[in-house]
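Okay, so here's the structure we're looking at.
The values are calculated or read from the model by the stated rules, or taken from the named source; none is laboratory data. All values derive from a computational prediction rather than experimental measurement. Virtual Cβ from ideal backbone geometry, glycine too; neighbours counted across all protein chains shown. Just the protein is used for accessible areas: all its heavy atoms, side chains included, with ligands, DNA and RNA removed. Shrake-Rupley method; radii C 1.70, N 1.55, O 1.52, S 1.80 Å.
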Amino acid sequence: MRKISAEQVILNLPGWSINFIKSFPRIVDARLAPNCTAIGVAMDEGIPTRFNGVEQDQPFIMIGNNGAAYNAVEHVERQFALIVFTPQIEGRGWPEAGPNFRIFETSAPAQRRLRTLVAEILAAARRFSEAELADAAPGMRESLVGSIDAAFADVVPARWASRANSVRQFKIFQAVREALSANITGPIYSRDVARQLGVPVRTIHDAVLRYRGMSLHRYLRLRRLWLVRQRLRAGTHSVKAAALALGFWHLSDFAHSYRVQFGETPSETLARARNS
């Protein structure tokens, strides 16, 4: 997105919090902190999101425990709430998450009740004084866990959810991201990633296509475009030097791709950096 507009509301109380986000189209890679349980619920409806590699628009609830991660591709503006309990919830019969968040299809009424409750708690918190909020917090927490209980009680088996909860490809994609993050000084190509991870290029391609919704070639090319932009914004390289250093030998094609991606030419990025 060339222009972004976002809103965030955080209600932070002893032992639990609510994080409400109104976001722009974006890619999300998130990891939960240790020793906590997070429950996620959409605050809008009827809009598909690619969550852990699966595109869906069904009523859902998601859960992560103790360092679990998730990936999401949001194509349009979304509204989402994450409820975090610290320490992690035990003994309520909620599903356990592994290395990745797990997502479950629930009934529309159960999702709607949880969504409404979150909105009501956030609205009430704005009206209460600090002392009143401290008194109300335990009751609010109990209402939340009861509503979450009901949402998990209404879970229905769904093939799409089983695919989203698989671990093997998620681990491969996480390894690809880590490999790219470790190579921020120069270009990295598909054969380099495959050699580093010890898996076929096709396996990496399938994982990237699933979790990013694009081919491995395009994913790596976008990564290299962003690295060029970082160099230009530092103002220390010429456009030609930055492009060649990151593997773009066809300079007119590079300039066109850069302008499409960032809404300005590479020389405009460099000039602004040097004049700031």
Practice prompt. Determine whether segment 155-174 contains at least one residue that is of a type outside the set (S, T, N, Q) and farther than 25 Å from Glu74 by Cα.
Written response: no
Item to complete: Considering (1) open to solvent by 40 Å² or more (accessible area, probe 1.4 Å); (2) of a type in the set (Val, Ile, Thr); (3) in contact with a Leu (Cβ under 6 Å, 6 or more places away or on another chain), say which one Ile47 fails and leave the rest.
Response: (3)
Item to complete: Return the total of residues in segment 87-114 being among the hydrophobic types (A, V, I, L, M, F, W, C), over 25 Å from Ile47 (Cα atoms) and within 20 Å of the chain's Cα centre (by Cα).
Response: 0
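Here is a yes/no grid of residues against (1) more than 14 Å from the chain's Cα centre (by Cα); (2) over 17 Å from Thr116 (Cα atoms):
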| residue | (1), (2) |
| --- | --- |
| Ile27 | no, yes |
| Ala30 | no, yes |
| Pro34 | yes, yes |
| Met43 | yes, no |
| Gly53 | no, yes |
| Gln56 | yes, yes |
| Pro59 | yes, no |
| Gly67 | yes, yes |
Item to complete: Please state which of the following conditions Phe128 fails to meet, knowing it meets all the rest: (1) at pLDDT 95 or above; (2) buried (at least 17 other Cβ atoms within 10 Å of the Cβ).
Response: (2)
Practice prompt. Would you check if Ala151 is crowded, with 16+ Cβ neighbours inside 10 Å and touching a helix residue (DSSP H, G or I) at 6+ places or on another chain (Cβ under 8 Å)?
Written response: yes
Worksheet item: Restricting the search to segment 1-31, which residues are open to solvent by less than 30 Å² (accessible area, probe 1.4 Å) and in contact (Cβ under 8 Å) with a residue 60 or more places away in the chain?
Response: Leu11, Leu13, Trp16, Ser17, Ile18, Phe20
Worksheet item: Using beta carbons and a limit of 8 Å, which pairs, at least six apart or on different chains, have the first residue in segment 56-68 and of a type in the set (Lys, Arg) and assigned to a loop (DSSP other than H, G, I, E, B) and the second one buried (at least 22 other Cβ atoms within 10 Å of the Cβ) and modelled with pLDDT under 90?
Response: none
Item to complete: Restricting attention to helices (runs of 4 or more DSSP H) lying wholly within segment 183-276, give those where 3 or more residues are more than 30 Å from Ala161 (Cα to Cα) and open to solvent by less than 70 Å² (accessible area, probe 1.4 Å).
Response: 216-234, 239-245, 251-262, 266-275
Item to complete: Please find, within segment 41-55, the residue that is modelled with the highest pLDDT out of those that are in a strand (DSSP E or B) and more than 17 Å from Ser162 (Cα to Cα).
Response: Val41
Fill in: Residue that is surrounded by the most Cβ atoms within 10 Å (Cβ to Cβ), among those in segment 154-173 that are closer than 18 Å to Phe101 by Cβ and β-branched (Val, Ile, Thr)
Ile172
Practice prompt. Quick one: which residue in Glu142, Glu96, Glu132 is more than 30 Å from His217 (Cβ to Cβ) and part of a loop (DSSP other than H, G, I, E, B)?
Written response: Glu96
